[in-house]
Amino acid sequence: MKIHYHLKDDPVGLVHHICNLLIETAALYLEVDNKSNIKTANGLLLSLLDILHCMLIYTANVIRMTLQAQKSGTGGDTQAAEDLLLINKPLTDLISLLIQLLPSDDTEIYETASKCLSLMVQLYGGDNLDSMSPENMDSFAEVLKSKRDLKQQKLLLRIIKRLVTSNKKHSESLKNDGDSLIHILERLAQTASSHADIAVASLAFEILRTVGR
């Protein structure tokens, strides 16, 4: 199956436009304290996160279909897939923003931000050098501490694992500046009272192993 992807006249412009809108809206969302303003910011932020999610899903599907086509020996338009990855790479500038949104009290914002983040690290790994900044690691620690749902914990741990295993800088950051996150990971690695818990504990242990714990 050959994938046809036609680049628009100004695809990078769209990507940068989405980035700028999300950055401005997230700043508004994180700063407002008036209830009516929060509701407005929530709605706009969710809409933009949904657009980002669609862009990332589309990109991931193109990559997946290209790889499947190559495996089956039917070709696959690798150039189109590579072009799409390159065009959307500026979206990785949003990684820190997405991580900072994870502790949000709004369930929809958390869920959409975490899904976007998961897709982004699957596609680009740890390309963004600020992904494991001290602030972002604190955000990961906070949300892992508050989320009791095992599915959510596994998603977050897979994101962290992808970051620290795809870029040595991130594992070094975790080792040197991630005490609060390491503490949470150690706690998760030691709690395995059920089969589902074992999966969480295993992921936490694998992350800790990258920093020699």
Using a 10 Å cut-off on Cβ atoms, rank the peptides 164-173, 64-73 from the highest mean neighbour count down. 164-173, 64-73
May I ask you to derive the FRET efficiency for S146 and A199 from their Cβ-Cβ distance with R0 = 22 Å, giving the value to the nearest 0.05? 0.70
Given the -39500 (n - 2.57) contribution per DSSP H run of 4+ residues, what per-residue ellipticity at 222 nm results for the chain, rounded to the nearest 500 deg cm²/dmol? -25500 deg cm²/dmol
Given the Cα-Cα distance of T74 and E135 and 0.36 nm per residue of separation, how much length would full extension add, in nm? 17.4 nm
Residues C19, C54 arranged by fewest to most Cβ contacts within 10 Å: C54, C19
So if we plug the beta-carbon distance of K39 and T107 into 1/(1 + (r/R0)^6) with R0 = 25 Å, what FRET efficiency do we get, rounded to 0.05? 0.95
Can you work out D for the chain in µm² s⁻¹ from Stokes-Einstein, where Rh is the Kirkwood radius over C-alpha pairs, the temperature is 25 °C and the viscosity is 0.890 mPa s? 134 µm²/s
For D83 and R209 in the same chain, what is the full-extension length gain: residue separation times 0.36 nm, less their Cα-Cα distance, in nm? 41.9 nm
If the label point sits 7 Å along Cα→Cβ of L21, residues of the range 75-113 with amide N under 15 Å come out as 91
If I model a spin label as a point 7 Å beyond the Cα along the Cα-Cβ vector, how far apart are those points for E172 and R158 in nm? 2.9 nm
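Every number here is computed from the coordinates shown, using simple stated rules; none is lab data. These figures come from a predicted structure and were not determined experimentally. Cβ coordinates were reconstructed from backbone atoms using ideal geometry, including for glycine residues, and neighbour counts include every protein chain displayed.
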